Structure formats: C-alpha cells, structure tokens
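To start, the structure under review is shown below, and the notes come after it.
The values are calculated or read from the model by the stated rules, or taken from the named source; none is laboratory data. Worth saying up front: this structure is predicted, and the values here are computed from it rather than measured. Quick reminder, even Gly has a Cβ in these numbers, built from the backbone with ideal geometry, and neighbours come from all protein chains shown. All accessible areas refer to the heavy atoms of the entire protein, side chains included, with ligands and DNA or RNA removed. Shrake-Rupley method; radii C 1.70, N 1.55, O 1.52, S 1.80 Å.
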Amino acid sequence: MTDLLLLPGDGIGPEVIAEVRKVAAALTPNLAIEEAPFGGKSFDLHGTPLTDETLAAAKAAKAVLMGAVGGPKWASAPRDKRPEAGLLGLRSGMQVFANLRPALCFQPLADASTLKREVVEGLDLMIVRELTGGVYFGQPRGIEDLPGGGRRGIDTQVYTTAEIERVSRVAFELARGRRNKVTSAEKSNVMESGLLWREVVEDLHKREYADVTLEHMLADNAAMQLVKNPKQFDVMVTDNLFGDILSDAAAQLTGSLGMLPSAALGVPGAPGLYEPIHGSAPDIAGQGIANPLAAILSFEMALRWSLERSDEADRLFAAVEKALAGGARTPDLGGKLTTAAMGDAVVAAL
Ligand code: IPM
Ligand code: MG
C-alpha cells in the first residue's frame, strides 16, 4: 500500500517536491512513496488535469502531497480541463472538506514580515477553511448570453447544515487542543448562507462545545483584524471563498507565502491531502530559488495527521526551526539559498 502519493504538478511544484523526497529519504526511508501526473503536466500527457487513475491512486494512499498546479501555458485550455479544475476535482473526489491552514511565525523570521515585529512575533493561528462546498462548487454556475446582448456570469454560494456542522466540529476539536477559542467568519449581515452558517455554528457550540470560547466575526472585519491584531485569533473557521482570501492574508503575516503548509482532511481514516498554500509561481519556476519549506512542512503535517508518525513530524519541525535559526534563507526570506540548498539545510539539521 502506498503511504504517500506525490503529485508534483506544475511550475515550482516539482522543485519543492524534490526537496520533500530528499527529506523523506533521510527521515523516513521506509515510507512507501509513489508519484503520479497531475495538473497541467497531466493535461499535456493525457488531455485532462486529473485522470481516473490518479484519483484512484489518491484515494488508495494514506496521504497525498501536492506541489502546485497551473500556469500561463494552460490559460486557454477549456475551463474544465484547466489545472485548477483538476485540483478542485481532487479535493471533492477525496472529500477532504476541512482545510487546516496554520499561520505560524517562526521566531527567526519575525523581521521577515511586512508587518511590525511586535504584531507578528509569536503568532500561531489556524484557519479552518471549508474546502468542498460553497461558491467553488455551487450550481448553477456559468456564463450565458443575454437576449438583448451582453452576458451574465453566475456563481452560487450554497451550504447545508451538515456541511457547516462537520467543518465547525473540526475547528472546535482543534481549539480544545490549543488555546480553546474559535472565531467563525461569515457575512451573515448580507448573505443567507452566512446567516445559516452562523446559526449552525452557534447551535453546535451550545450543544457540544460550550467549553470552547466562540466568537462570530464578519469576514470583512476578520480581514482587517488579521492585519491589525492577528494574535487575538486561535482557530478561525470560515467558508471556502473567505478561507481562500483570509488564508493568503494570514500567510503574509508570517513573512512569506513560501512558508505555509496545509492539510485537507475528510472523515477520520480517509487519506488527507497536503499542499503548500503557495501556487505554481511561474515567474520563478525552473530557477531553483523557490522556498521548499511550505512543501516540507506540508510533509510534516502528513506525517502527523495521516501517517501516524508524530515523532518524525516533531523531529522534522524542529529541524526546520533549527535551519532557520542557523540563518538558512531562500530569496523570498531575504536570503540567497537555492531550493536544493534549503532542502540540504533541513536534512543537515535532522
Ligand atoms: C488555494 C488556491 C486554489 C483555491 C486555486 C489554485 C484553485 O488559491 O489553494 O488557496 O482557490 O483554492
Ligand atoms: Mg488561495
């Protein structure tokens, strides 16, 4: 059985996944690792970003680690064949509805943020983004011609009680192991789905999680509070679209998008999908300067959440901290190390 299925994908994906292989060879030599084509790479080979074979292999593995997908090369591919569509298909096919996006400020990087040191130093927040519903998947959607000329674009934001409840449960459970606070972000002031979101979270809290502090915040205010005083947050739970936006903002608090891993989880026992939250970065692809730490830390999350190897995960996390404390920096962090040299620094620290 495959322990870890690697989907290097496009752009800097293969470069950062190569460093994960290096780290895995040093840390967990007996892990059964396979690789499959995905994204634009798969489109070039098979005419589709996600083949049935790759999806089946993903569902059969214990964990899946993706590099990145997309790039200008596939911008004019039919919409349902674009690399991003493959990613949405993978998330929904694996039913990984809860996306954990930690924003953690490593001590040696407190000055790498564009925000003042005192705002971000010691930051440790977890965004739980709903990943398989909402406007990303809601029907109807499309662009249609209007009879009198012009066109109309439609997306549908839709959430059911069950979808809101299962992702909120993940947030409450996580909070209990952390600082015991959940902030739920929605737009209940203008959206019906936001109102339902708020009611369902409130209700679940009353029924099962009254010991956890719960706060509701409008998503626009949450964006402002994230840059004003991010340390007020412990766990933030939010929908697919707001989670996409708020997690990019949270990422920058930590100094670089190149540092942030993520874990997408489904029901207990099902394989998790791990991805660095950075994209394929076509502007720097192939230059060997991408920061591999988001991918390496995504591997760390896979060890912890899907592969039942928390000791190795602890060792890897400590090695990343040590490499950073020793001054290891790729260009996004203001340094000069290549992607491979950063991988070597982590292996050396191991
Ligand atoms: C992310 C990305 C994806 C998303 C894109 C690449 C489809 O921005 O994982 O945050 O919007 O979910
Ligand atoms: Mg995003």
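Zone of ARG151 (label point 7 Å along Cα→Cβ, backbone N under 19 Å): which residues in region 72-115?
74-85
What does the extension gain come out to for VAL267 and ASP211, with contour length at 0.36 nm per residue minus their alpha carbon separation?
Net length gain for the segment: 17.8 nm.
What ³J(HN,Hα) values, in whole Hz, does the Karplus curve 6.51 cos²θ - 1.76 cosθ + 1.60 give for region 338-343 when θ = phi - 60°, with x put for Gly and Pro?
With the stated coefficients, region 338-343 comes to 7, 4, 5, 5, 5, x Hz.
Compare LEU204, LEU265, LEU125 in a GNM of the chain, Cα atoms joined below 10 Å, and give the one with the largest fluctuation.
LEU204
Can you work out the accessible area per residue across the chain, with the rest of the protein chains kept in place, probe 1.4 Å, in square angstrom?
42
Just how large is the dipole of the chain about the Cα centre, in debye to the nearest 20, putting +1 at every Lys and Arg Cβ and -1 at every Asp and Glu Cβ?
300
Given a Förster distance of 51 Å, report the FRET efficiency between ASP124 and THR48 from their Cβ-Cβ distance, rounded to the nearest 0.05. Intermediate results must be reported in sequence, preceding the final value.
Details: r = 39 Å, r/R0 = 0.77.
Rounded to the nearest 0.05, the efficiency is 0.80.
In region 107-259, if the dipole is taken from +1 on Lys/Arg beta carbons and -1 on Asp/Glu beta carbons about the Cα centre, which of GLY150, THR213, TYR136 is farthest to the positive end?
Final value for the positive-end residue is THR213.
When only DSSP loop residues count, what trypsin sites (Lys or Arg not before Pro) in region 305-350 have their Cβ near at most 11 other Cβ atoms within 10 Å?
Hits after loop and neighbour filter: LYS336.
How much length would be gained if the chain were fully extended between VAL158 and GLN95, taking 0.36 nm per residue of separation minus their Cα-Cα distance, in nm to one decimal?
Roughly 21.0 nm would be gained on extension.
Which of GLY93, GLY13, GLY150 ends up with the largest GNM mean-square fluctuation for the chain, with Cα atoms connected below 10 Å?
Among GLY93, GLY13, GLY150, the largest mean-square fluctuation in the Gaussian network model of the chain belongs to GLY150.
Counting other C-beta atoms within 10 Å, and keeping those with at most 16, which DSSP coil trypsin sites (Lys or Arg not before Pro) do you find in region 179-223?
Loop-located and lightly packed - ARG179.
Only Cα pairs under 8 Å and at least 6 apart count here; give the relative contact order of the chain as a rounded whole percent.
22
Tell me, how many Å apart are the Cα centres for region 42-74 and for region 187-255?
Taking the Cα centre of region 187-255 as reference, the centre of region 42-74 is 31 Å away.
Do the alpha carbons of any pairs in LYS22/LYS62; LYS181/LYS322; LYS228/LYS322; LYS22/LYS336; LYS187/LYS228 sit beyond 22 Å of each other, and which pairs?
Long pairs (Cα-Cα over 22 Å): LYS181/LYS322; LYS228/LYS322.
Rg/Rh for the chain to two decimals, with Rh computed the Kirkwood way over all alpha-carbon pairs. Kindly include the intermediate steps, with their values, before the conclusion.
Values: Rg = 19.9 Å, Rh = 20.7 Å.
Rg/Rh: 0.96.
How many percent of the accessible area of region 31-176 is carbon or sulfur, using a 1.4 Å probe?
Carbon and sulfur together cover 52 percent of it.
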